[in-house]
Structure formats: structure tokens, C-alpha cells
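Here is the structure we will look at, set down as C-alpha cells.
The values are calculated or read from the model by the stated rules, or taken from the named source; none is laboratory data. Because the structure is a prediction, the values reported are computed rather than measured. In this analysis, Cβ positions are derived from the backbone assuming ideal geometry, glycine residues included, and neighbour counts consider all displayed protein chains. All accessible areas refer to the heavy atoms of the entire protein, side chains included, with ligands and DNA or RNA removed. Shrake-Rupley method; radii C 1.70, N 1.55, O 1.52, S 1.80 Å.
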Amino acid sequence: MPYSPESLQAFVEAAALGSFSAAARRLRKTQSTVSTAIAHLEADLGMVLFDRSGRYPQLTDAGRQVLGHAQEILAADARLQQLSVRLAAPVEPRLTVVFSDVYQLDPAQRVLQLFAEAFPEIELEWLDAEGRDVLELVDAGRAGLGLLPRQAQYPDALVAQPLAHHSELAVYVASDHPLAQAGVRAAAQLARHRQVRLSAQVDHAPPISGPAWTASDYLMVMEMAEDGIGWAELPRALVQRYDRGRLLELRVPGWPRRIHSDLVWRRDTPPGPAALWWAEALG
């Protein structure tokens with residue numbers, strides 16, 4: 001092909017992040033390198049992919065049409081590389097994964113059972129963590145593979161692979177909480193009531209209301225919400241699986257929020273066949 005995978009990657013990241021500089025940070029390259037790669041791709045294809053007249057580059061009509069094809073090519077390239085690892089590399093004797101609770105195993109998909117059948121001899125350790133804790137566990141080598149909501153930036157030592165998987169976060173309260181009876185007025189009343197949220201969110205998002213309680217995982221946040229401590233933003237799949245009929249979802253503008261996820265691993269310890277099985281299964 002006349003264009004390089006690097007130029008396609010630069011184009012896809014710039015389109016996703018809306019900025020050449022942000023794409024450069026994600027790819028650990030200079031902005032000029034990303035700009036040059038995209039310019040070469042435009043020259044190879046004979047079309048303009050970005051309108052650069054404004055403060056931020058905007059996809060042209062041609063760019064929007066090319067984007068899907070570029071994503072397909074990169075995805076096929078990643079699958080080919082993963083296949084080569086699975087066929088050539090020895091299977092890890094042990095794998096530790098650390099997943100955010102935004103991802104909930106679907107019993108109908110039998111993911112764990114299928115993994116056990118594919119790798120009957122492996123020792124699997126499953127950890128739960130959120131936000132920066134996922135990154136720290138992978139960065140420290142405590143876990144070989146991590147899954148967490150997509151971050152704008154990752155530590156240089158880590159590689160992030162976007163997943164097709166997404167979750168939805170919605171606002172919940174106990175069915176006997178005052179907000180449960182607020183109806184369409186609930187959005188305006190959130191600030192009057194205590195918020196329950198993840199400890200990992202404290203440094204990144206101020207509470208909507210004044211007082212707030214925190215917990216280190218979503219299950220504890222959900223339990224606090226069930227007990228009427230306050231309102232909470234929770235993964236819908238988590239509530240559907242574990243709620244005991246005590247929670248009510250509030251219809252609040254801006255929610256539910258769709259959350260995309262990334263898989264992460266250390267750059268100097270690429271995933272083996274078993275870890276790549278998860279990357280493909282979550283795809």
C-alpha cells in the first residue's frame with residue numbers, strides 16, 4: 001500500500017482526539033511528526049482529510065469517509081500481529097488481569113468458561129480496581145493486563161488498545177430517597193443532596209453537590225446508594241446484575257453517559273497468547 005500504518009494511526013488518533021498535539025501525546029511523538037504523517041497520507045490519497053482553517057482541525061467530508069476504512073485497516077493489522085503472537089509464543093503459565101467494574105461479564109457470552117477451555121492449564125488472577133489504580137497496578141507489573149475507561153493520556157511505559165466495548169453510566173438513588181419523587185426536577189435538585197462516588201474520581205471531577213462520600217469500588221458506591229446515603233453515578237450493567245430492587249434510575253440531562261474502554265499493558269512486556277485472547281474477546 002502507498003501509505004504507512006504510522007500515517008493511518010496518526011490520522012485516526014487526530015480524528016478521535018480533535019487535535020494534532022493530543023494525537024502526538026497519545027502516540028508519544030512530536031506534533032510535527034504527526035502533522036507530517038497526516039500530510040503524507042493526504043498526498044498519497046490525493047485528498048484533503050482535515051480542514052485546518054480553524055483553531056482545531058476538522059474532518060472534511062472526504063476525511064470522514066476515509067476514517068472508517070483507516071480504522072478497519074489498523075484493526076486488521078492488529079489482529080494479524082496478535083495472531084502471530086498466539087501461534088508462535090509460549091502460553092503464559094500465569095496471568096493477572098485488573099478490570100474496572102465498568103466492564104461486567106455477560107453470563108450469556110460465557111467469557112470465563114471459554115477462556116478456561118482455551119487455556120486449561122493457566123493460572124488466572126482477577127483483580128478489581130478503578131481509574132489510576134488500574135494504571136498503577138499494570139505499570140508496577142502487578143497485573144499484566146488492565147481494562148479501564150478511556151483516558152486522554154497514558155503513562156509512557158504503557159500501551160493502550162481501544163476496545164469496541166462500551167458501558168453506560170446512569171444516575172441512581174434509593175427508591176425511598178427524596179430525589180426518587182422529584183421527577184423532571186431531579187436534575188435541579190442534585191446539588192442539594194449528598195453524592196456518593198469513587199475515590200478515584202476525587203482528583204479529577206469535583207462533586208456536583210457540596211458533601212460527598214467516597215468508596216474505592218463501584219459495588220460499595222452502589223451499596224451506599226441502596227442505603228439512601230446519596231445519589232450515585234453507576235454502570236448500568238452493574239446495577240442490572242447486582243441491585244436488589246432498591247435503586248431507581250433518575251432521568252437527568254446528560255445521563256446516561258457512554259463510556260468507552262481501553263486495554264493497557266506494559267510496553268516492555270507485550271501480552272502473550274492468553275492476554276491477547278482477552279484483547280480479541282473484548283475487541
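Given the chain, what percent of its DSSP beta bridges are antiparallel, to the nearest 5? Don't jump to the answer; show the numbers that get you there.
Numbers: 23 of 38 bridges.
Just about 60 percent of them are antiparallel.
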Give me a comma-separated list of calculated 3J(HN,Hα) values for the range 153-162, in order, Karplus coefficients 6.51, -1.76, 1.60 applied at θ = phi - 60°, integers in Hz, x for any Gly or Pro.
8, 10, x, 4, 6, 10, 10, 10, 10, x
For the chain, return all DSSP H helices satisfying: extent of Cα atoms along own axis at least 15 Å; mean Kyte-Doolittle hydropathy at least -1.0.
5-17, 31-45, 61-88
Between L263 and residues 5 or more places away or on another chain, which pairs have amide H atoms under 5 Å apart, with H built 1.01 Å from N, and which residues are they?
Q161, L163
Tell me, what ³J(HN,Hα) does each residue in the range 141-149 have, in order and in whole Hz, if you take phi through Karplus 6.51 cos²θ - 1.76 cosθ + 1.60 with θ = phi - 60° and put x for Gly and Pro?
x, 5, 10, x, 8, x, 10, 7, x
Amide H partners (placed H, <5 Å) of G228, local residues excluded:
A174
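So how many Å³ per residue does the convex hull of the Cα atoms of the range 1-140 work out to? Walk me through the numbers before you get to the answer.
Working: hull volume 23.9 nm³, N = 140.
About 171 Å³ per residue, rounded to a whole number.
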Counting pairs of alpha carbon atoms under 8 Å apart in space and at least six apart in sequence, what relative contact order in percent does the chain give?
22 percent
A correct Karplus calculation of ³J(HN,Hα) over the range 91-105, with 6.51 cos²θ - 1.76 cosθ + 1.60, θ = phi - 60°, whole Hz and x for Gly and Pro, returns 6, 4, x, 9, 9, 10, 10, 10, 10, 5, 6, 5, 9, 10, 4
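Out of the total accessible area of the chain (probe 1.4 Å, heavy atoms of protein only), what percent is carbon and sulfur? Don't skip to the end; give the middle numbers.
Details: 7710 of 14870 Å².
Roughly 52 percent, rounded to a whole number.
What shape does the range 1-72 have by the C-alpha gyration tensor, where a ≥ b ≥ c are the square roots of the eigenvalues, rounded means a/c under 1.5, and otherwise prolate means a/b greater than b/c and oblate the rest? Could you put the intermediate results ahead of the total?
Numbers: a/c = 1.45, a/b = 1.12, b/c = 1.29.
The shape class here is rounded.
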Kindly state, to the nearest 0.05, the FRET efficiency for L27 paired with R185, given R0 = 45 Å and r defined as their beta-carbon distance.
0.50
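From the Cα gyration tensor of the chain, with a ≥ b ≥ c the square roots of its eigenvalues, which class applies: rounded if a/c is under 1.5, or else prolate if a/b is larger than b/c, or else oblate?
Working: a/c = 2.25, a/b = 1.34, b/c = 1.68.
Here the chain falls in the oblate category.
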